[in-house]
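Asks: Got a structure for you, questions after.
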Amino acid sequence: MTDQDPQGDTPRSAILTTREKIERLRRARTNAQRGGGSKRIERQHASGKLTARERIASLLDSETFQELFLFARHRCTDFGMAGKEMPGEGVVTGIGAVEGRQVFVAAQDFTVAGGSVGEMHADKICRTMDMALKCGSPFVSINDSGGARIQEGIDALSGYGRIFYRNVLMSGVVPQIAIVAGPCAGGAAYSPALMDFIIMVRGSAEMFITGPQVVKQVTGEVVSAQELGGPDAQMQSGVVHFIAENDADAARICKDLLSYLPANNIEDPPDLLGNGELLLADDLWLDGVIPDDPRMPYDVRPVIRRLVDEGKILEVQEHFAPNAIVAFARLNGRTIGVVANQPAVMAGVLDIDASDKISAFVRFCNAFNIPLVTLIDVPGFLPGVAQERGGIIRHGAKMLFAYGSATVPKISVILRKAYGGAYLAMCGKDLGADRVAAWPTGEVAVMGAEGAVNVVYREEIDKSDNPEAARASFIAEYREHFASPYVGAARNLIDDIIEPSQTRRYLSLALESLRAKRELRPQKKHGLIPM
Ligand code: HXC
């Protein structure tokens, strides 16, 4: 034990006046807030990164940050750590407001021991998470760290364990957003992975379980850190949800995302209008969207934009499984989650990645009371050896499970194709959709006409004098019978067939009628979603 003040230079033995004690506090605060000092801060800036405090400032409304645990100190005495100063313990934690709504935040300070995670560093984060949970407020972590603090050994590992445990406790109760703004390697990557959304910063962020050197040693593969775990790589792997161009852009994306979300699973998402007004106007542009030739692709993104407030959407995982689109948007001021097949990419087919992308989004929306609008134009699940070996059955089942277990309002619109199991996986009536509408171009069938005719009429076609003419005639007959929405409507599996231009009106009225929807399910510990 030294006889120096822990944060300053005043001898303990001195009897201080109140004024001196206040002065001592000021010095201690300035000292703890200085981070790793000017050289390390310069280095941080030179590498294009903001400091932890600058990142927090760019996220929060000005003057709203209340810092917590500034004076935390490590207890490590190994490997030269005794008495070593670590201002703020390498992480800045506290509470603030984002556009007037409370969030809890922890930003790792790379300028202090590389933002490495020791016992007290983790303790600061855990206590902040505990309070976020208690107060029902979102938690944002800004990660920039060399990982477990090597000198603290098992205490550092334990710290990570405590963070992971809280990530799990908070899951589905308050939104959790990770901004990965620097290195995030090894087990450290699992905290963001347990959170709801990861925003990764281009140029400075890397996430991987083992870095390039270990990969080379173990598998012989030579790869750069960015190729292995940069934002583009981790977007393609489906780990990351948004890519930011820099730290300020990451804060912007985070704020935008938070604007769609409720503070917790008991509240409803924000209502920006708050006046109950519904926009019901027809949009004739939509009547011209579907090409006459059912094999022709079209881009569903503008369709989504035409249906929602101000044409504004926040797409999640835009560059992962682009054959499906998932996005937050607003209808009459209230948040909705939009899921759509994208016919412009692989004809909008559902593959393993699209199934994972959609399932995760549906689960999130359901947990946080966000109604789901599903736009269907899907030719089926993707056939192929690679898809079967990769477990398309297991992954596709996640969609059925996610939609089937979702109790938020679910509205589906069949734009064109709704074939086979994919029709159900995109939330057909039997998966619990509260409303299903079809455009007159809708086609609900077990499979496409060409495939169906080859199975059902193969013999007749083979025996025919003119097989091609026979095939064409059977295809026309099949299309006439099945490839329309009227059979489904006759069975009450489609509530209504609507003109595309009236879709916004349909969605607005349907959502309004479902606002008080309550759906009770049998009590259970938890369901067993296929994994
Ligand atoms: C203690 C660390 C540290 C760590 C960095 N530092 N990582 N101190 N424990 N894990 C310190 C450095 O000593 C240095 O201190 C300062 O942070 C900045 O580090 P530099 O190496 O100078 O920075 P840079 O060149 O930018 O390289 C950053 C880096 C590198 C790539 C992150 O530091 C690095 O490889 N660190 C070790 C990464 C690692 O293997 N971590 C353990 C992963 S396993 P000074 O005083 O000189 O400024 C893990 C298990 C978690 O995390 C398990 C959970 C279940």
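Asks: If packing is taken as the average number of other Cβ atoms within 10 Å across a peptide's residues, how do 73-84, 101-112 rank, most packed first?
Replies: Result, highest mean Cβ count within 10 Å first: 101-112, 73-84.
Asks: Using +1 on the beta carbon of Lys and Arg, -1 on that of Asp and Glu, and nothing else charged, what's the dipole of the chain about the Cα centre, debye to 20?
Replies: The calculation lands at about 1880 debye.
Asks: Then there is this: Summing +1 for each Lys or Arg and -1 for each Asp or Glu, what net charge is found among the other residues whose Cβ lies under 9 Å from the Cβ of Arg416?
Replies: Here the count lands on -1.
Asks: I'd like the distance between the alpha-carbon centres of the range 155-188 and the range 32-103, rounded to an integer number of Å.
Replies: 17
Asks: Mind checking which aspartates and glutamates have their Cα closer than 17 Å to the Cα of Lys124? Skip sequence neighbours fewer than 8 apart in that chain.
Replies: Leaving aside aspartates and glutamates fewer than 8 places away in the same chain, those within reach of Lys124 are Glu67, Glu85, Glu89, Asp109, Asp144, Glu152, Asp155.
Asks: When the helix-only estimate is applied to the chain (DSSP H runs of n ≥ 4, each -39,500 (n - 2.57), divided by the residue count), what is the mean residue ellipticity at 222 nm, nearest 500 deg cm²/dmol?
Replies: -11000 deg cm²/dmol
Asks: Let me know the charge dipole size of the range 1-158 about its Cα centre in debye, to the nearest 20, where only the beta-carbon of Lys, Arg (+1) and Asp, Glu (-1) is charged.
Replies: 260
Asks: Next question. Along Cα→Cβ, 7 Å out, is where each label goes; now give me the distance between the ones at Lys312 and Ala82 in nm to one decimal.
Replies: Here the answer is 5.8 nm between the modelled labels.
Asks: OK, next. Excluding residues fewer than 8 places away in the same chain, name every one of the lysines whose C-alpha is closer than 29 Å to that of Lys357.
Replies: Counting by Cα, and skipping residues close in sequence, Lys357 has these lysines nearby: Lys255, Lys312, Lys398, Lys410, Lys417, Lys429, Lys517, Lys524, Lys525.
Asks: Which one, Val456, Asn265, Gly333, is farthest towards the positive end of the dipole of the chain when Lys and Arg carry +1 and Asp and Glu -1 on their Cβ?
Replies: With unit charges placed on the Cβ atoms, the residue in question is Asn265.
Asks: By the gyration tensor of its Cα atoms, with a ≥ b ≥ c the square roots of the eigenvalues, what is the shape of the chain: rounded for a/c under 1.5, prolate for a/b over b/c, or oblate?
Replies: prolate
Asks: Considering Cα pairs under 8 angstrom that are at least six residues apart, work out the relative contact order of the chain and quote it in whole percent.
Replies: For the chain, the relative contact order is 9 percent.
Asks: If R₀ is 22 angstrom, what is the calculated FRET efficiency for the pair Leu509 and Glu99, using the beta carbon separation as r and rounding to 0.05?
Replies: After rounding, the FRET efficiency stands at 0.15.
Asks: Right, here's the next one. Once Rh for the range 233-356 is found with the Kirkwood sum over Cα pairs, what is the Stokes-Einstein diffusion coefficient at 37 °C and 0.692 mPa s, in µm²/s?
Replies: 201
Asks: Using only Cα atoms and rounding to the nearest 10 degrees, what angle (0 to 90) does helix 247-260 make with the longest principal axis of the chain?
Replies: The angle comes out near 60 degrees.
Asks: Quick check of the Kirkwood formula: for the range 370-514, what is the inverse mean of 1/r over all pairs of different Cα atoms, in Å?
Replies: Computed over the range 370-514, the radius equals 16.5 Å.
Asks: If each residue of separation counts as 0.36 nm, what is the full-extension length gain between Ser58 and Glu460 once their alpha-carbon separation is subtracted?
Replies: Roughly 137.7 nm would be gained on extension.
Asks: Here's another thing I want to ask about it. Just subtract the alpha-carbon distance of Val168 and Ile150 from 0.36 nm times their residue separation and send over the number in nm, one decimal.
Replies: 4.0 nm
Asks: Can you compute the label reach from Lys134? Point 7 Å from Cα along the Cβ direction, backbone N cut-off under 13 Å, restricted to the range 90-110.
Replies: none
Asks: OK, next. Could you sort 183-196, 286-299, 337-350 so that the peptide with the highest average Cβ count within 10 Å comes first and the rest follow in order?
Replies: With the highest mean Cβ count within 10 Å placed first, the list reads 337-350, 183-196, 286-299.
Asks: Ok, one more. I'd like the FRET efficiency for Leu272 and Ser47, computed as 1/(1 + (r/R0)^6) with the beta carbon distance as r and R0 of 35 Å, rounded to 0.05.
Replies: 0.40
Asks: Could you give the length gained on full extension between Glu20 and His319, defined as 0.36 nm per residue of separation minus the Cα-Cα distance, in nm?
Replies: Taking 0.36 nm per residue and subtracting the Cα distance, the gain is 101.9 nm.
Asks: Still on this structure, I have one more. Could you sort the peptides 202-209, 486-493 by per-residue average Cβ neighbour count (10 Å cutoff), highest mean leading?
Replies: 202-209, 486-493
Asks: Once label points are set 7 Å from the Cα along Cα→Cβ at both Tyr190 and Glu245, what is their separation, rounded to one decimal in nm?
Replies: 3.7
Asks: Label-point separation (nm) for Val446 and Ser405, each offset 7 Å from Cα along Cα-to-Cβ?
Replies: About 3.1 nm, to one decimal.
Asks: Along the positive direction of the dipole of the chain (beta-carbon charges: Lys, Arg +1; Asp, Glu -1; about the Cα centre), which of Ile498, Val446, Cys76 reaches farthest?
Replies: Of the listed residues, the answer is Cys76.
Coordinate-derived values only; no laboratory data. Since the model is a prediction, treat every value here as computed from it, not as a measurement. Cβ sites come from the backbone with ideal geometry, for glycine too, and all protein chains shown count toward neighbours.
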